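Worksheet: one structure, shown below.
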Amino acid sequence: MAHVLVFVLAAVCAFVSVTWTKHAGGVATIWPANAIIVVAMLRSSRSDGWLYVMALCVMTVLINLGDHRPWGVVLGFAVANMAEVTMAALLVRRISPIAHSFEQPGWAFRFAVAIFASVVVSAMIAGGALSLSEHHPWIAGSEFWTMSHLPGLLIIVPMLLALYPQGDRHRLATAEPHMTTTLFLMAFVAATSVVIFSQSRYPIQFLILPSLLLATYHLNAKGAALSVAIVAVIGSFFILTKTGPLMQVHGPAAVKIYLFQLYLVTIFFCALPLGAVLTQRDQKTSLAEQRFQDFRHLADRVGDVLFRADGAGRWRYLNPAYARMSGFDVNSKLGQLILDDVVPEDRPALTQAQAELTNGTRDEIRLVVSIHRRDGTVRHVEILAYRLDEGDGFGGLIRDVTDQMTLEAQNRQIAAAYETAANTDELTSLPNRRAFFQVLGVHLSDATPSDNLTVALFDLDHFKRVNDQYGHPAGDVVLRHVAQTVRATMRECDMVARIGGEEFAILIVGESYAQAVAMARRTLRAVSAAPIVLPDGPTIHVTISMGLATRTDHEDRDMLISRADQALYAAKRTGRNRLEEAPMPSDQVLS
């Protein structure tokens, strides 16, 4: 049905043009049929386009045969029309995308070039046909054809494209003007056109421009197309009644019609680029609004606080997450200082960071501060802010890290507890073997040969008898008692550790050998003198045997422990409850 309507409309226009507007040159003064076919080809597929071309060929042949033209002219005009519409459709598709035809100011210029090139080719063919068959001058015939076809294509094609734009589901929608606005603007254009073309005394055609530009400003390219269509209808009516400013032009009616078409082309192509610019404006505005709405939609749902502040540190924007974090209404906080909710002790650091961010010393800040919630509780938040490019304040996000910091503190406590458990003897609460050798290794790596470093190893005498006679719980009481007694006799800087079942070690740092020996003897006396009350049992006394060794030059850990251990066994062999001092290494004695 659409194809039939196009064919009928083009045929009617062609018949009217040939019947009523043909001038002495043998060519119709107005030829809108090709413009209708070109628009149909641009709006259809390429396969349908060839159908339109063939229909135009048949229509041209029939109309010119009915006009009693010779076969040379009939065939020449048919070929010229076919070449014109085919070339116009191809060039316009190639250099001026139809889907976005009125969105770029350069579209009108590229379109005019494509149409002009197409008409020049068809005019040369038609002029040749007139010259060969009816003996018209070739150049004159080509000029008549150009003056007839060029205005029609330049006016009608963009007019129809603007009035019936090709739908693109992916294009950005812009707000359509209210119907009342459109009707008012078109009435204004019509009234202005009547005033201009209903009189023949003054050449005031230029007065159409204000109404045309006003319609274009509000309706974009569609407004320009509607306005030119109204001007064309009203102006044509008055020209046919021999009224209007063009009546002052001397010459045949064809010349006046050509000038009127040129006038329409001129005002139309002045308005089209403006319509394209305004279309771009509307689309960019719509895109900006859409992106802003998308941002607000995301910002309203993000869990962290998004904010913007001015150079004075006052809130300018806060998303709803701020209300969830602080308990305060967002609107009540806008315009207030960021520092108002921060605890006093954190305000100096935040104030300094804000100043550095505002004056350009820093481009971003990352700071953890504490804030007061509306209910009086304190939350820890991390502020990540960036200086804005325009230099007007800063913005960023705020994240509640209270739970994270609590979890980290708990993890640190757990790690510390594990570390303590790994280095502490569970029964006596003294450092264990692992901790003792770690500390000893540190002192050995840091100490110089001149530093005093003494190790004493001791264990309980006849401890197996205590376990056998009183039981293992009593043995545990004895071990704890001995550990507390020895720890009480040593300095805070000395280390007492349990390194085995009933084996203990003492690390004395910074004391001379004689002082270390005196401290060891005092420990022996304290242990043997202290009574131990067993649970549900008697009060007993225990003794210890101890071996002592002081580090010598270039002595490593194993050698030092070995000498102290040998001294311990010597103390056991020589009677127990005594201190045995390790002899110097053989290499030290010889030196």
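The values are calculated or read from the model by the stated rules, or taken from the named source; none is laboratory data. This is a predicted model, so every value here is computed, not measured. Cβ sites come from the backbone with ideal geometry, for glycine too, and all protein chains shown count toward neighbours. Remember, those area values only see protein heavy atoms, side chains included, never the ligands or the DNA or RNA. Shrake-Rupley method; radii C 1.70, N 1.55, O 1.52, S 1.80 Å.
Couple of notes before you dig in:
- Trypsin sites (Lys or Arg not before Pro) within region 185-286: DSSP coil, no more than 11 neighbouring Cβ in 10 Å: Arg201, Lys242
- Rg/Rh ratio calculated on Cα atoms of region 289-417 (Kirkwood radius): 1.00
- 0 to 90° range, to nearest 10: angle between helix 71-95 axis and the chain longest Cα axis: 20
- Relative contact order of the chain: 8 percent, from C-alpha pairs under 8 Å at least 6 residues apart in sequence.
- Accessible-area rank, largest first, for Asp565, Asp558: Asp558, Asp565, with all protein chains present and a 1.4 angstrom probe.
- Of all aspartates and glutamates in the structure, those lying under 12 Å Cα to Cα from Lys284, and not within fewer than 8 positions of it along the same chain, are Glu103.
- Solvent-accessible surface (1.4 angstrom probe) belonging to Tyr202, in square angstrom, nearest 10: 120
- Global size of region 44-132: 15.0, 46 Å for Rg and Dmax (C-alpha atoms, Rg to one decimal, Dmax whole).
- Cα centroids of region 305-335 and region 443-522: 63 Å apart.
- Couplings 3J(HN,Hα) of region 556-570, computed from phi: 8, 5, 4, 5, 5, 5, 4, 5, 5, 5, 5, 5, 4, 5, 5 Hz, in residue order, whole Hz [Karplus 6.51 cos²θ - 1.76 cosθ + 1.60, θ = phi - 60°; x for Gly and Pro].
- The lysines within cross-link reach of Lys464, meaning a Cα-to-Cα straight distance under 20 Å and a gap of 8 or more places when in the same chain, are Lys572.
- Ranking Tyr470, Tyr52, Tyr317 from most to least accessible surface, computed with a 1.4 Å probe over the protein chains only, gives Tyr470, Tyr317, Tyr52.
- Summary of the geometry: region 188-219 and region 37-80, compared by the centres of their Cα atoms, lie 36 Å apart.
- Order by protection proxy (mean Cβ within 10 Å, highest first), peptides 398-406, 72-80: 72-80, 398-406
- Each Lys or Arg adds one and each Asp or Glu takes one away; over the other residues whose Cβ falls under 15 Å from the Cβ of Met490, this sums to +3.
- CD proxy at 222 nm, helix term only [per DSSP H run n ≥ 4: -39500 (n - 2.57); per residue of the chain; nearest 500]: -20500 deg cm²/dmol
- Where Glu580, Glu426 fall by accessible area, highest first, once all protein chains stay in place (1.4 Å): Glu426, Glu580
- For the chain, the Cα-based Rg and Dmax, in that order, read 52.2, 151 Å.
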